[in-house]
Structures are given as structure tokens and as C-alpha cells.
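Here the structure is laid out as C-alpha cells; the discussion comes afterwards.
Please treat every number below as a calculation from the coordinates, not as lab data. Every value quoted in this text rests on a predicted model; they were computed, and no experiment measured them. Neighbour counts run over all protein chains shown; Cβ positions are idealised from the backbone, glycine included.
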Amino acid sequence: MEQTTFLVLMALALVGTGVVAGILAGLLGVGGGIVMVPVLYYVFGVFDVDQDVRIHMAVGTSLAAMIPTSIRSALAHRRKGAVDMELFRSWLPAILIGAIAGSVLAPHASSEVLRAVFAGFALLVAVNMIVGNERFKLGSELPRRIWQRISATLIGGISVMMGIGGGTFTVPYLSLFGYPIHRAVATAANIGVLIAIPGAIGFCLGGIGVDERPVWSLGYASLLGFALIVPATVIATPWGVALAHKLNPKWLRLAFALFLAITGLRMAWSLIS
């Protein structure tokens, strides 16, 4: 395949990735990263990106693409006054410690480790979406500050390793302690900025000089992917929001949970096959 044809086809696939991520984010209220990573992983596979760097490229590109979208989302929530700034400031050091640790370690982890992390936690998210009960609570208030900070550190580190924003784990965690859902989503959006920036920097620096990366890459982040996914996601998210008011969200969540479960199982299978 000629390089020009290769780039055109990859560009179309990356735009499609952004559209899918945006629509599902609008439909289900999930972060784009939990969609982008598995889709990018398979897109890079179609274009024969080496298995040893494929998941690194998917995670790094996802984190880079999340920077402008997470900042946009965070500012929008702040303008509405929905962010719990006291909680945000309390969690900020722990989130940063976890995110920086993840951004240092994850780019140098093996493909097997990153695939195992994504597969395992994707399956947990899928199970929670299928059988989770929104009325189930562990308590009526958040635990002691030390346990919050331990949780925040883990959220930051695991999120970077998966290439996702903080909402996937922050919102369910806060909801388990009776925290208002809208305030949880708004606060998680701001936490996502703290995860995306150091995570993207770590993957960009960690992948410099590594062989087998696709063309137009800065470390483990695809510049072509960043340039095409971000606008596609921004444009497509309102489409998902509009569809959400026309379709049954219960079945949509189930369909997405099954997508995550299949993705997780396929990644897990790739580790043993």
C-alpha cells in the first residue's frame, strides 16, 4: 500500500474513532477515553502497528486527545458552579501523585501489562454497568480523608495506565457514599484535567526513539490522531446527547457494557493465546 493511501485510510479511521467516542460519550455520559483506547487499539492493529507498541499508542493518543476536551468540559462545569472545589483541592495532590507515577511507569511497562490493566478494569466497569444498583451505598458520607487520598492516588495512577479520564472511577466511587451525581460528574471532569496532562506528557516522552511507531507520532501519541479525533469528538458529542433523549438509555448502557466486556475479554485472550 502506498504511503499516501495508507495515511488517507488511517485518517478516515481516526476521524471515525473520534465520532464514535463523541457519540457514545454523549449517549451514555462516559468518558471518551474508555471508548477511544479499545477503538484505537483495533484501528492501529488494522494498520499493522506492532503489537509491542499498539496499546501504548492507543493509551498515549487517548490521553493527548483528552487534554482539550477535558479542559473544555471542566470549564463548562465550573461556569455552572457545579464543581465541589473543596473536594477538588483536597484530592488534587493525591490525584497528581497517582497520575505522575502512572505517567512515569506506564510508558515503560510491557504491552502485556497495559493490556492486562485495561482488560481487567474494563471488565469491572462492564459488570458495574450491567448489574450495578444505583441505590446501593456504602455510606451516607465520604470516608476519612486518608482513605479518600489513597483512593484518589489509585484513581490517578490506574486512569493514566488505561488512558481514561477520572470520571470512570471517580463518579462511581463518590456515588457509593451518597454524593450527588451531578456534583460528582462536574468534579470528576476537573479531575480529568489533572490526569490527562501528566499522562500525555509521560507517554509522549516515554515513547521517543521507540521503533515500530506509526508515522507522525510524538512518542506514544499519534499527532495525526490528536488532530483528527479532537474536532470529531467535539462535533459528535452533541449528536449523542440528542440521541440520548430519543433512545432507551437502559439498553444503550447494556450494549456499551457488552462492548466493553467483549473488548476486555479479547485483550485478556490476546495475553494467553
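Hey, rough spin-label estimate for Gln3 and Arg183, points 7 angstrom out along Cα→Cβ, what's it come to in nanometres?
5.6 nm
Output the DSSP H helices from the chain with an along-axis C-alpha extent of no less than 24 Å and a mean Kyte-Doolittle hydropathy no less than 0.5.
Counting only whole DSSP H runs, the qualifying helices are 3-28, 85-105, 111-131, 145-162, 181-206, 223-244, 249-272.
What ranking, highest mean first, results for peptides 161-174, 224-237, 66-79 when packing means the other Cβ atoms within 10 Å averaged over each residue?
Result, highest mean Cβ count within 10 Å first: 161-174, 224-237, 66-79.
Which order do the peptides 36-45, 83-92 come out in when sorted by mean C-beta neighbours inside 10 angstrom, highest first?
36-45, 83-92
Name the residue from Gly167, Ala184, Trp91 whose Cα lies farthest towards the positive end of the charge dipole of region 3-272, charges +1 on Cβ of Lys and Arg and -1 on Cβ of Asp and Glu.
Ala184
Could you size up the charge dipole of the chain around its Cα centre, putting +1 on the beta carbon of Lys and Arg and -1 on that of Asp and Glu, and report it in debye to the nearest 20?
Dipole size: approximately 1140 debye.
Taking each pair of distinct Cα atoms in region 91-243 once, what is the resulting Kirkwood hydrodynamic radius in Å?
The answer is 16.9 Å.
What distance in nm lies between label points placed 7 Å from Cα along the C-beta direction at Leu265 and Ile208?
4.3 nm
Using only C-alpha atoms and all pairs of different ones, pull out the Kirkwood radius for region 3-272 in Å with one decimal.
For region 3-272, the Kirkwood estimate is 18.5 Å.
Can you sort Thr187, Thr5, Thr153 from fewest to most other Cβ atoms within 10 Å of each residue's own Cβ?
Thr5, Thr153, Thr187
Residues of region 172-199 with backbone nitrogen within less than 20 Å of a virtual label 7 Å along the Cα-to-Cβ line of Arg78, please, listed as ranges.
182-199
In square nanometres, what is one fourth of the surface area of the convex hull spanned by the alpha carbons of region 177-273?
Orientation-averaged projected area of the Cα hull: 9.7 nm².
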